[in-house]
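Encoded as structure tokens, the structure appears first; notes follow it.
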């Protein structure tokens, strides 16, 4: 096939992702979740009225007979106690990626700036990953990309151009301050750790369907080109785990993921998934294993307790292997040490307090603690499933009796740390500073949704403990950077460091 320009693209410009572009994925488990969601929504609505989960399930079943017959088991005489998704759906043998959806949210849907690439055979995924990576580099022309891909991928590239997902643009400059050690706040749960020579990206979301439409200023993949030497994934909740973003990076990039003993509707085998996309260096490390070194950064993999759909009255899942498997990470460099707590917290049998005590004993004090400050309780997530990602269905069905207690207003059991737990961890590890994150998207330079409330709450809890940790009220795009090295280092806030 002859290589030609498309849409007026000039060889003087390079292909890169456009403002407003979004890519999302659909797996078999997602499809199952969408099929089940109306049934579970009706159960939640009915149990709010009757306060009787068994009765609510029975009533909702009458409306969703085909879904229930095919997917669920329960004994009519003991509905509440036995209600469960069938085993083959709780623990699917495979979770194929069915489609990639793409578009640009700056355009009304009637303009046709959206499309779907159906994945009939997953062997094509490495080719798609290569195309997205070449576009994400933002240093290649249309013709240069076409020279490196198949005819089918050229067709997909043309669709991406037509939908204003990628297009010709002047070659962008890097958005990351060079040779500046520190931690940089990207969107939601995404962080970029830097030394003078090494970059570690955490839970990235770029050009993501989870982003807020029409942000005045957002990050692009191009800004990170040349600054990512490894990627860390904390857990498989979709606000932390976005296949299309990973596909924008070189397949030789080391990607660290949690070890999953058994794949489930709640947590897929992340290592197998990333390898299916074509990545060559995917590593699942045991908690408390010997540290892994990338460049001059030491990465310690630590437990992720908490954020499980468990409450004291229903403290066990349907099966012990139904778990939100995850990692927290302690990064150590000559400039700083930083523990990313992610969304971790408490569960009936385990607590991050015990991990903090082990960290203090093994590593001494930690310079930074980075954590979600929000207090999440499965007792009070409400009954409107549309306000959550589709992965909430798998979480709830790992412990379906919890459906009876999701709308409580008092006595909530906090599964994340919340302000009190964050303060306690800081006190145990002697943290110099504490930084909020994983709290929604915002325009670069703005604070995320709950920062203005939660930062003072954490400061108050630290004061109660007599703890000297400083809470850093940073915004999206800010950096918390280090001047000098250990012994003479000073950490300072760098406003709009990436923008």
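Yes/no matrix, rows are residues, columns are (1) touching a residue at least 60 places away in the same chain (Cβ under 8 Å); (2) in a loop (DSSP other than H, G, I, E, B); (3) out of contact with any helix residue (DSSP H, G or I) (no Cβ under 7 Å at 6 or more places or on another chain); (4) over 29 Å from residue 215 (Cα atoms):
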residue	(1), (2), (3), (4)
404	yes, no, no, yes
428	yes, no, no, yes
445	yes, yes, yes, no
453	no, no, yes, no
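Which condition number does residue 313 fail, the rest of (1) touching a helix residue (DSSP H, G or I) at 6+ places or on another chain (Cβ under 8 Å); (2) more than 24 Å from residue 389 (Cα to Cα); (3) crowded, with 18+ Cβ neighbours inside 10 Å being met?
(3)
Just to check your reading of the model, which residue among 133, 210, 142 is under 19 Å from the mean Cα position of the chain (by Cα), under 24 Å from residue 279 (Cα atoms) and surrounded by 15 or more Cβ atoms within 10 Å (Cβ to Cβ)?
Step by step, each of 133, 210, 142 is checked, and only 210 is under 19 Å from the mean Cα position of the chain (by Cα), under 24 Å from residue 279 (Cα atoms) and surrounded by 15 or more Cβ atoms within 10 Å (Cβ to Cβ).
Go through the residues of the range 366-376 one by one and say whether even a single one is in a loop (DSSP other than H, G, I, E, B), over 18 Å from the mean Cα position of the chain (by Cα) and surrounded by 16 or more Cβ atoms within 10 Å (Cβ to Cβ).
So far as the range 366-376 goes, yes, one or more of its residues are in a loop (DSSP other than H, G, I, E, B), over 18 Å from the mean Cα position of the chain (by Cα) and surrounded by 16 or more Cβ atoms within 10 Å (Cβ to Cβ).
Sort through 18, 4 and tell me the only one that's buried (at least 17 other Cβ atoms within 10 Å of the Cβ), out of contact with any helix residue (DSSP H, G or I) (no Cβ under 6 Å at 6 or more places or on another chain), at pLDDT below 95 and more than 26 Å from residue 236 (Cα to Cα).
Just a single option satisfies the conditions, and that option is 18.
Collect the residues in the range 210-233 that are in contact with a strand residue (DSSP E or B) (Cβ under 8 Å, 6 or more places away or on another chain), assigned to a loop (DSSP other than H, G, I, E, B), in contact (Cβ under 8 Å) with a residue 40 or more places away in the chain and over 20 Å from residue 440 (Cα atoms), keeping them in residue-number order.
Once the filter is applied, which keeps residues that are in contact with a strand residue (DSSP E or B) (Cβ under 8 Å, 6 or more places away or on another chain), assigned to a loop (DSSP other than H, G, I, E, B), in contact (Cβ under 8 Å) with a residue 40 or more places away in the chain and over 20 Å from residue 440 (Cα atoms), the range 210-233 yields 227, 229.
The values are calculated or read from the model by the stated rules, or taken from the named source; none is laboratory data. Bear in mind the structure is a predicted one, so any value in this text is a computation, not a measurement. FYI the Cβ positions are ideal-geometry reconstructions off the backbone, even for glycines, and counts take in every protein chain you see.
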